[in-house]
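In what follows, a structure is listed as structure tokens, so that the remarks can point back to it.
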Amino acid sequence: MPTYVYQVINEDGSEGETFEVVQRMSEPALTEHPETGQPVRKIITAPIIPGDNSDHATNQKLSNKNLDRLGFTKYERAGDGHYEKKAGKGPNAISAD
């Protein structure tokens, strides 16, 4: 369900506090604060859409398959001073011993 931002309208017409409400798109917009009963208005905000800098995009860019395709080598720690290759060329393991 989407999260909507509302703003309290003070008695003098000035802008008051803002708050967020999770509600269905089919529900009517609030006209008063759920706790205080003060009049409110819905604030239009940009939706959050995952893009090039989202966690999902970053995980895909750093995936073992993609790193291997781009010519990088990736090692992951497998124990104390021991690393195993997960992508790329090079030895299958590196050890500090």
*Each residue of the stretch 38-49 in turn: what ³J(HN,Hα) in whole Hz from Karplus with 6.51, -1.76, 1.60 and θ = phi - 60°, glycine and Pro shown as x?*
5, x, 9, 9, 7, 9, 7, 10, 6, x, 8, 10
*What number, in percent, do you get for the relative contact order of the chain if the mean sequence gap of Cα pairs under 8 Å and at least 6 apart is divided by its residue count?*
17
*Mind checking which aspartates and glutamates have their C-alpha under 17 Å from Lys89, skipping anything on the same chain fewer than 8 residues away?*
Asp68, Glu76
*Which aspartates and glutamates, on any chain, are close to Lys42 with Cα under 16 Å apart, when same-chain ones fewer than 8 places away are left out?*
Glu15, Glu17, Glu20, Glu27, Glu32
*List the lysines whose alpha-carbon lies under 16 Å from that of Lys85, not counting same-chain residues fewer than 8 positions away?*
Lys65, Lys74
*With only alpha-carbon atoms counted, please give the Rg and Dmax of the chain, in Å.*
25.4, 74
*For the stretch 11-20, take each phi angle, set θ = phi - 60°, evaluate the Karplus expression 6.51 cos²θ - 1.76 cosθ + 1.60, and give the result in whole Hz per residue in order, putting x for glycine and proline.*
4, 7, x, 6, 7, x, 5, 10, 8, 10
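Any read-out appearing in this document is the output of simple, stated calculations on the displayed coordinates, not a laboratory observation. All of these numbers come straight from a predicted model, not from anything done at the bench.
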